[in-house]
Amino acid sequence: MNLEMLIHDFTNRLGGEEGIMTFFAPGRVNLIGEHTDYNGGHVFPCALSFGTYAVARKRNDTKLRLFSKNFEDFGTVEVDISSLSYNDANDWANYPIGMVKVFRDAGYRIESGFDVLYDGNIPNGAGLSSSASIELVTSVLLKSLYNLDIDMIEMVKMSQRAENQFVGVNCGIMDQFASGMGKKDHAMLLDTNTLKYAYVPIKTKGITIVIANTNKRRSLAGSKYNERRSECENALQALQQELEISSLGDLTEERFDGYKHLIQSEIEQRRAKHAVYENQRTLKAVNALNAGNIQLFGELMNASHISLRDDYEVTGIELDTLVEAAWENGAIGSRMTGAGFGGCTVSLVHEEKVHKFIENVGKIYEEKIGYKADFYVVAIGDGARQI
């Protein structure tokens with residue numbers, strides 16, 4: 001991303017150069033631990049080297065002027081900080097507007113407005129957390145513009161709150177946490193129940209992370225996501241008849257298998273099984289990585305996808321085609337990542353095989369699905385910051 005060009009675009013659209021500051025927040029990919037974050041389990045995401053950039057400047061009045069190069073057709077969205085509310089007409093701008101409202105509601109002194117231009121290089125709708133990166137880049141710009149005394153964990157929580165309460169998406173905290181707390185060349189093992197976390201170095205010399213985007217718009221993801229959440233909540237309530245647990249993440253596989261008969265619904269039993277087994281898989285995968293056993297890590301990624309396909313039923317033909325083609329073409333491990341029903345897969349591939357891998361998997365996918373997938377060879381980067 002060319003920052004000079006962004007500053008030039010900012011001055012063209014929003015006026016003079018004085019007082020301009022620049023910020024960045026990354027997208028994320030989750031290596032393993034899917035649909036565990038709202039079940040009190042562990043996740044293992046990392047921040048990516050691409051994300052959302054923001055060029056901003058404080059104003060003397062109470063106006064917010066927001067423009068995104070990713071949504072140029074919307075033009076500049078203007079609102080006043082004294083009356084911030086969700087408005088469908090504001091589309092993408094509801095994310096940063098929500099951040100300002102959440103900060104102000106929490107008592108942070110933001111008494112004047114600002115001008116901001118956003119530009120992101122995260123593929124829209126790919127499930128790599130463009131929304132979390134907009135929230136986090138807005139958080140760091142608010143902190144800097146208004147000299148706020150707030151730490152990153154608090155900004156992560158505020159970003160989740162904006163998405164849950166202002167935008168109305170009932171997401172867990174993983175996306176915001178990965179974007180805010182990312183560390184170069186490390187993934188994060190996060191316990192979503194306690195927010196305890198540990199950085200784990202990704203010492204994968206000669207191994208590359210390849211993300212493949214199905215290019216299927218995820219029309220089902222939102223409704224099915226809420227459906228899965230309620231199925232897991234029902235399963236948890238059934239287990240709590242005899243078990244003192246606060247979440248599915250509290251259970252080992254053995255304990256779950258001993259009590260799963262309490263869950264009357266066969267479907268809800270399978271949903272809960274995924275949540276329990278996936279949480280344990282994530283812990284095993286991190287142990288494997290720490291022991292330098294990348295092969296086992298890959299096998300656990302594969303098992304994760306099978307569970308998401310068969311027990312959680314959130315994959316679909318596009319994701320399954322990409323993953324199966326990856327398995328056939330030498331991936332160490334491959335799985336869907338994100339909410340499912342489209343979006344992306346993540347694969348670990350030997351460096352020298354990447355070109356051939358992308359070529360072969362892309363060909364299989366296009367022949368079967370009828371349109372192309374996009375591939376990204378990614379690096380693991382740092383979290384949200386002023387630049």
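The values are calculated or read from the model by the stated rules, or taken from the named source; none is laboratory data. Note that the coordinates shown come from a computational prediction; the quantities given were computed from them, not determined experimentally. SASA here: full protein model, heavy atoms, side chains in, ligands and nucleic acids out. Shrake-Rupley method; radii C 1.70, N 1.55, O 1.52, S 1.80 Å.
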* Roughly how many percent of the accessible protein surface of segment 223-359 is carbon and sulfur, given a 1.4 Å probe and a whole-percent answer? -> 46 percent
* Among the listed pairs Lys216/Lys363; Lys58/Lys184; Lys196/Lys353, those beyond 27 Å (Cα-Cα) -> Lys58/Lys184; Lys196/Lys353
* Taking only DSSP H segments of four or more residues, each worth -39500 (n - 2.57), what value at 222 nm results for the chain once the sum is divided by all its residues, to the nearest 500 deg cm²/dmol? -> -13000 deg cm²/dmol
* Quick one: helix 152-161 against the long Cα principal axis of the chain, what's the angle to the nearest 10°, folded into 0 to 90? -> 80 degrees
* Choice from Ile153, Ile122, Ile209 with maximal GNM fluctuation in the chain (Cα, 10 Å cutoff) -> Ile153
* Asked: Heavy-atom accessible area per residue, the chain, 1.4 Å probe: how many Å²?
  -> 41 Å²
* Helix 3-14 sits at what angle to the longest principal axis of the chain, using alpha carbons and giving 0 to 90 degrees rounded to 10? -> 50 degrees
* Asked: Where does helix 130-145 land angle-wise versus the long Cα axis of the chain, in degrees 0 to 90, nearest 10?
  -> 40 degrees
* To do: Jot down the radius of gyration and Dmax of segment 58-115, Cα atoms only, both in angstrom.
  => 11.2, 34
* So how far, in whole Å, is the C-alpha centre of segment 294-321 from the one of segment 211-267? -> 16 Å
* Using a 10 angstrom cutoff on alpha carbons, build the Gaussian network for the chain and name the most mobile of Phe297, Phe375, Phe44. => Phe375
